[in-house]
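Trainee: Here it is, the structure in full.
The values are calculated or read from the model by the stated rules, or taken from the named source; none is laboratory data. Just so we're clear, the structure is a prediction, and the values are computed from it rather than from any experiment. All Cβ positions, glycine included, derive from the backbone under ideal geometry; neighbour counts span all protein chains shown. Side chains included, ligands, DNA and RNA excluded: accessible areas come from the protein's heavy atoms. Shrake-Rupley method; radii C 1.70, N 1.55, O 1.52, S 1.80 Å.
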Amino acid sequence: MMKIGMLTSGGDCQALNAAMRGVAKSLYNCIPDAEIYGFLDGYKGLINNNYKLMSVNDFSGILTEGGTIIGTSRLPFKYINEPDEEGRDKISCMKKNYKKLKLDALVILGGNGTHKTANLLSKEGLNIVTLPKTIDNDIVGTDVSFGFQSAVDIATNTIDCIHTTAASHSRVFIVELMGHKTGWLTLFAGMAGGADIILIPEIPYEIDKIIEAIDKRTKEGKHFTIIAVAEGVISKEELEFTKKELKEIRKREHYPSAAYRIGAGIMQKTGQEVRVTVPGHVQRGGSPCAYDRVLATRLGSKAAQLIMNKEFGYMVCVKNNQIDKVPLSEVAGKTKMVDPDSGIITQAKAMGICVGL
């Protein structure tokens, strides 16, 4: 018999359930008496020893369900060594409960912050295997993360829907998409949705360049403009400030988000009418797309294979369209950014898409 723990941590996304199903069905198929313990609400469940002994039926019918059947929560890594609300050492509690259940391995599904903690637990001697989950697609070591394509599809549909109303009213429409540090989601959805201007955190923008792009479209007889903006964008002028100074500036501005700030700049300089749409957490929700269902299933099955082979301290990943593995030490604490000189940015520019420069 083999005892496996499983938890999902950080923000939810599509295909978490599909990935857990891939792990579970592969384990049950090879080890019929395997026991899977689902820790509830992420690392909190492991700290508090709050778990559910899963059954085969728990993993049935969840391939198409969004969210996570065992719940999730955020545990910022910067606070990992601080005592919890009850004064307990978080890492000690997690190790204790892992050993108390006599687990053979712990499967962790999550993004960047989740992988930092997973790597720490691996260094502490726990048998860890992880899966890359994020709509931001910013995990180092994998070509793509599950949840990303589903979010791209939703964001693209939002841009598609904006086109008709923008054209009807001859307005500038800004669609603000998720992505605090990276612009993968905005870049892909912007290109797929036919956005005229795409602004991402990796490329600080100039408001005058945005206005030039709008004016150029107007002169060409195109009386509306669609701008796809990642929530974490920053202007070239703002690069001169420290994070603390920028935070104070944001407080004084009173703009709800980046899209409103950029919209105000456009209206002030041109007098043109601007509307903002923020789909928000809709991008994380709903049923996973077919691509993500297949990807999550394959990654889950690979994770089960690593466990059965006693290969621990790895994240399963995608490399050149093949399911592979990468050491956690090469993943934790790193972020996969969009390279401003990459092919996709060059191709976007060649299509006439303005990136704010």
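Trainee: Consider S329 carefully, then state whether it is buried (at least 19 other Cβ atoms within 10 Å of the Cβ) and not in a loop (DSSP other than H, G, I, E, B). If you could, list the steps in order and put the result at the bottom.
Mentor: Numbers: buried (at least 19 other Cβ atoms within 10 Å of the Cβ): no; not in a loop (DSSP other than H, G, I, E, B): yes.
So S329 fails the test.
Trainee: Which pairs do you get when a residue that is open to solvent by 10 Å² or more (accessible area, probe 1.4 Å), found in the range 11-26, comes within reach of a residue that is aliphatic (A, V, I, L, M), reach meaning Cβ atoms under 7 angstrom, with the pair 6+ apart or on two chains?
Mentor: Short answer, once both residue conditions are applied: R21/I62; R21/L63; S26/A304.
Trainee: Which residue, of Y260, Y255, is open to solvent by 20 Å² or more (accessible area, probe 1.4 Å), aromatic (F, W, Y) and assigned to a helix (DSSP H, G or I)? Full working, then the answer.
Mentor: On the way: Y255 fails: assigned to a helix (DSSP H, G or I).
Y260 is the lone residue from the list that is open to solvent by 20 Å² or more (accessible area, probe 1.4 Å), aromatic (F, W, Y) and assigned to a helix (DSSP H, G or I).
Trainee: Here is a further query. Out of M308, M351, which single residue is in contact with a helix residue (DSSP H, G or I) (Cβ under 9 Å, 6 or more places away or on another chain), surrounded by fewer than 23 Cβ atoms within 10 Å (Cβ to Cβ), of a type outside the set (K, R) and closer than 20 Å to V152 by Cβ?
Mentor: On the way: M308 fails: closer than 20 Å to V152 by Cβ.
When all the criteria are applied, what remains is M351.
Trainee: Just the residues that are more than 17 Å from I36 (Cβ to Cβ) and touching a Gly at 6+ places or on another chain (Cβ under 6 Å), please, taken from the range 75-112.
Mentor: Going through the range 75-112, the residues more than 17 Å from I36 (Cβ to Cβ) turn out to be 75-96, 99, 110-112.
Correct list: F77, G110, G111.
Trainee: Given the condition among the aromatic types (F, W, Y) and either in a loop (DSSP other than H, G, I, E, B) or in contact (Cβ under 8 Å) with a residue 40 or more places away in the chain (or both), answer yes or no: does some residue in the range 78-88 qualify?
Mentor: Quick first cut of the range 78-88, residues among the aromatic types (F, W, Y) only: 79.
Remaining after also requiring either in a loop (DSSP other than H, G, I, E, B) or in contact (Cβ under 8 Å) with a residue 40 or more places away in the chain (or both): none.
No, every residue in the range 78-88 fails to be among the aromatic types (F, W, Y) and either in a loop (DSSP other than H, G, I, E, B) or in contact (Cβ under 8 Å) with a residue 40 or more places away in the chain (or both).
Trainee: Quickly run through the range 287-326 and pick out the residues that are over 18 Å from C13 (Cα atoms), charged (D, E, K, R) and not in a loop (DSSP other than H, G, I, E, B).
Mentor: Within the range 287-326, K302, K319, D324, K325 meet the criteria.
Trainee: Would it be correct to say that V140 is within 13 Å of the chain's Cα centre (by Cα) and either open to solvent by 20 Å² or more (accessible area, probe 1.4 Å) or farther than 19 Å from P288 by Cα (or both)? I'd like the intermediate steps shown before the answer.
Mentor: Numbers: within 13 Å of the chain's Cα centre (by Cα): yes; either open to solvent by 20 Å² or more (accessible area, probe 1.4 Å) or farther than 19 Å from P288 by Cα (or both): yes.
Answer is yes for this residue.
Trainee: Residues of the range 168-210 being touching a Leu at 6+ places or on another chain (Cβ under 7 Å), under 16 Å from I226 (Cα atoms) and assigned to a loop (DSSP other than H, G, I, E, B), which ones?
Mentor: Selection gives I200 alone.
Trainee: Given the structure, is D196 charged (D, E, K, R), surrounded by fewer than 17 Cβ atoms within 10 Å (Cβ to Cβ), modelled with pLDDT of 95 or more and within 22 Å of Q347 (Cα to Cα)? Steps first, answer last, please.
Mentor: On the way: charged (D, E, K, R): yes; surrounded by fewer than 17 Cβ atoms within 10 Å (Cβ to Cβ): no; modelled with pLDDT of 95 or more: yes; within 22 Å of Q347 (Cα to Cα): yes.
Criteria not met by D196.
Trainee: Let me ask you something else. Considering only residues that are within 16 Å of the chain's Cα centre (by Cα) and either more than 23 Å from Q149 (Cβ to Cβ) or at pLDDT below 95 (or both), which ones fall in the range 287-334?
Mentor: Once the filter is applied, which keeps residues that are within 16 Å of the chain's Cα centre (by Cα) and either more than 23 Å from Q149 (Cβ to Cβ) or at pLDDT below 95 (or both), the range 287-334 yields A332, G333.
Trainee: Also: Just one of the numbered conditions (1) in contact (Cβ under 8 Å) with a residue 40 or more places away in the chain; (2) out of contact with any helix residue (DSSP H, G or I) (no Cβ under 8 Å at 6 or more places or on another chain) is not true of C30; which one?
Mentor: (2)
Trainee: Can you pull out every residue in the range 27-48 that is surrounded by 24 or more Cβ atoms within 10 Å (Cβ to Cβ) and of a type in the set (S, T, Y)?
Mentor: Within the range 27-48, Y43 is the sole residue that qualifies.
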